[in-house]
Every structure is written in C-alpha cells, then in structure tokens.
1. What whole-number value in cubic angstrom gives the convex hull volume per residue for the C-alpha atoms of the range 14-161?
2. Once you place label points 7 Å from the Cα toward the Cβ at ASP170 and SER156, how far apart are they in nm?
3. Which percent of Cα-Cα pairs in the range 42-125 sits in each 10 Å bin, short to long?
4. Work out how much length ALA2 to LYS25 would gain on full extension: take 0.36 nm times their residue separation and subtract the Cα-Cα distance, in nm to one decimal.
5. If amide H atoms are built 1.01 Å from N in the plane of the peptide, which residues on other chains or at least 5 residues away come under 5 Å of the amide H of PHE38?
6. With respect to the cross-link table entries LYS11/LYS120; LYS63/LYS141; LYS55/LYS188; LYS25/LYS55, which display a Cα-Cα separation exceeding 25 Å?
Amino acid sequence: MAKKKNITQEKIVEWYMNSVLTSGKPTSIYSFAQENNFEESDFYKHYSSFENLEKSIFAIFAKETIHLLHKTEAYKEYSSKDKLLSFYFTFFELLTANRSYVLMQFKDIKSDFSKLSVLKKLRSEFVNFIHGITLEKIDFKNDKINDIQDKTIAESYWVQLLMVLKFWIDDESSNFEKTDVFIEKSIKASFDIQQIAPVKSVIDLAKFLWKEKGTSL
C-alpha cells in the first residue's frame, strides 16, 4: 500500500492523540508512522520527538483559543477582564472536547512532576496573550521595575490558569458548571485586587523607602 503523502502537523496530532487513547503511547516514531501509513521522515518535518509533540498539543489548544477569539468581531472592543474571561471559557471548551487525552497526560504528571514540562509551550502562548491585553498597571517610571511588574503579573495569571486547570480536572459537576463559576470568581478576584487603592499606597511607600535608602536598580 502506498504511503500517505502531504502529512500535516494537524494530522500527526490527531493520529497521536487517537493512538494514545486507544492503545497507549507508541513505542517508537517508526511504529507510529507504520500504524498510520506514512513515512517516518514526514514526522520529523514537524516534530523532533514525541515529547516535543506532546508539548505542542497544549500550545495548540491556546493558539486555537486565541484564533477563535480574534474571529469574533466584538472581541477587540472587550475590556481586558472580558478578554481574559473569553480566553478561559473558550480554552476550557477545547479542553473539554479533548478531556480524555488531557486527563491521561495529567495522570502521568501526578506520578512524575518532571513531566510538567509538557506545559512549557502552553505557558509561553498564555504569557504572550497576557502581555497582549491591556491590564491596569502602575508606571514606576523605572524600566527595570516596570519589567519586573510585567513578569510578576504574567506569572500570577499563569498560576491562576494552573489552579483553574486543576479544578477542572477534579470537577464532577454537570457540564463542568462549577468550573465556570470558579473561573468567574477567580478572574473577578484578581481584577478586584488590582483596583484596591491601599495596595497602590503601599507600593508608593515602598518606592519612597527605596529612594530614601538610595538604592539603585
């Protein structure tokens, strides 16, 4: 039988996820290619290993989420809060459509934390998304401090995404309704914190003390 031609990244991802769910992770790229009737060399045009492929799958979920958001005409007019909410709801809809695969991956992570690296590319996509929406920040008039602030904000939202992901994995409610509530409450809380005036006062005090000590960054 002639080998399949024009092997796309999307087809490799589809075949790999199906293989993992039906018969477990393939023993080798050669056997995986044989199983799906394509040349092994076509796999390497897109991925260097199964590990690299697995990392890309979670990033694909994020990329597709952002693609769908930008297809919505009204999205560009959304507030930063609504943009983030839209990301969460769309992202978890995609995860739900692939829940069996996601749960299998996280089963491995629970037994071997070194496999958390499978989320590395997802983190990059999500952090870029956070940097791309307008979040309220304080201008410290210092590039280094502002850069630290940007990284801290992005990291806090990444941790929040992981918290929601863990909640969704454990959620047994109908249609994952509890996850929807958790998303709304966690996003509201994170934005409310940014609005608290005393926090700005504390930061102003810290800036004053920093200046008085004559410390330079």
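Just so you know, all these numbers are worked out from the coordinates, no wet-lab data involved. On a predicted model such as this, the values are computed, not experimentally measured, just so you know. In this analysis, Cβ positions are derived from the backbone assuming ideal geometry, glycine residues included, and neighbour counts consider all displayed protein chains.
1. Values: hull volume 21.3 nm³, N = 148.
Per-residue hull volume (Cα only) is 144 Å³.
2. Between ASP170 and SER156, the label points sit 2.3 nm apart.
3. 16, 41, 30, 12, 1
4. Working: separation 23, 0.36 × 23 = 8.28 nm, distance 2.48 nm.
Length difference between fully extended and current span is 5.8 nm.
5. LYS4
6. Details: LYS11/LYS120 22 Å; LYS63/LYS141 33 Å; LYS55/LYS188 30 Å; LYS25/LYS55 14 Å.
Result: LYS63/LYS141; LYS55/LYS188 exceed 25 Å.
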